[in-house]
1. With the requirement that a residue be open to solvent by 40 Å² or more (accessible area, probe 1.4 Å), closer than 26 Å to Y57 by Cβ and touching a Pro at 6+ places or on another chain (Cβ under 7 Å), what does the stretch 197-224 give you?
2. List every residue pair whose Cβ atoms sit under 7 Å apart, with the two residues 6 or more apart in sequence or on different chains, where the first one lies in the stretch 76-98 and is of a type in the set (V, I, T) and the second, anywhere, is open to solvent by less than 50 Å² (accessible area, probe 1.4 Å) and away from the ligand (no atom under 16 Å from the Cβ).
3. Based on what the data block shows, is E7 modelled with pLDDT under 95 and of a type in the set (D, E)?
4. Of these, E135, E151, which one is without any contact (Cβ under 8 Å) to a residue 24 or more places away in the chain, more than 16 Å from the ligand (Cβ to nearest atom), open to solvent by 50 Å² or more (accessible area, probe 1.4 Å) and among the acidic types (D, E)?
5. Quick check: is even one residue across the stretch 78-90 touching a strand residue (DSSP E or B) at 6+ places or on another chain (Cβ under 7 Å), within 16 Å of the ligand (Cβ to nearest atom) and within 18 Å of K123 (Cα to Cα)?
6. For P194, only one of the following conditions fails: (1) farther than 28 Å from Q28 by Cβ; (2) assigned to a loop (DSSP other than H, G, I, E, B); (3) open to solvent by 20 Å² or more (accessible area, probe 1.4 Å). What is its number?
7. Just to be sure, is Y11 among the aromatic types (F, W, Y) and assigned to a loop (DSSP other than H, G, I, E, B)?
8. Take F183 and decide whether it is closer than 30 Å to Y27 by Cβ and open to solvent by less than 40 Å² (accessible area, probe 1.4 Å).
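The values are calculated or read from the model by the stated rules, or taken from the named source; none is laboratory data. Nothing here was measured: the structure is a model prediction, and the numbers come from that model. Note that each Cβ is placed from the backbone with ideal geometry, even for glycine, and that neighbours are counted across all protein chains shown. Accessible surface is based on the protein model in full, side chains and every heavy atom, while ligands, DNA and RNA are left aside. Shrake-Rupley method; radii C 1.70, N 1.55, O 1.52, S 1.80 Å.
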Amino acid sequence: MYDHQEENWSYEGKNGPEHWAEICEIYQNAAAFPDQSPISLGKQELGSPSEQLSFHYKSAEFTRHFAHFAVHLTPLTPENHLIFRQTRYNLTDIHYHMPSEHTLDHRYSPLEIHLVHRSAADKLLVVGVLCHLPEKPRFAEKQSQEALPREFDPAELLPNGRTGFHYRGSLTTPPTAGPVLWFVFEDIISLKQPLFDALGALKLAKNNRPLQEKNDRPITRFEAKKAGQ
Ligand SMILES: [Zn+2]
């Protein structure tokens with residue numbers, strides 16, 4: 001359905017996840033980072049929130065394009081951002097994986113949204129939101145991906161429950177470099193069709209990286225604060 005010629009990696013076969021590190025030196029070096037993502041997460045790991053993440057999201061215009069086996073939304077302006085430990089991280093990309101990459105209590109969700117943020121010092125912070133699809137999902141045709149910039153509020157992608165898991169990991173697509181600060185909400189949202197449309201509503205071929213070793217790394221709890229709270 002789509003032309004993946006531009007990618008030298010894939011999710012199956014000889015360039016699949018177990019071979020990413022063999023494809024080139026850049027991927028090999030990235031995979032040498034010990035704390036890889038995704039990992040399995042379990043509610044028993046949660047204590048009291050020890051970290052706070054402040055969301056400063058509002059409606060903005062996003063462009064859409066298909067790349068790296070996913071639909072990517074790119075904000076036209078940099079006002080959407082997070083504050084973590086006094087550092088600002090601007091929202092730079094939104095995409096989703098089908099099924100989810102992280103598991104919650106050993107369960108995959110049908111879809112996982114990634115809100116990718118970057119600091120001025122080029123540090124990465126990704127927020128993960130596990131989702132159920134709309135009850136009777138309507139999937140888009142390819143041509144709708146060429147849509148003009150459209151406006152939506154990324155705050156609509158956040159669950160009502162404000163807590164989740166925080167850990168140190170990596171990118172989940174090559175090069176799988178780290179560290180990446182991960183924040184995965186513990187509530188699974190039910191994606192409504194208009195929001196799914198805003199994300200592209202494309203039925204993706206399986207594009208989730210397999211679970212990686214946790215290696216006893218600490219997993220803490222975070223609490224999200226919305227601007228004004
Ligand atoms: Zn992702």
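1. Listed by number, the residues that qualify are R221, E223.
2. T77/A60; I83/S54; T87/S119
3. yes
4. E135
5. yes
6. All conditions pass for P194, except number (2).
7. When the stated conditions are applied, Y11 passes them.
8. Judged against the criteria, F183 is a match.
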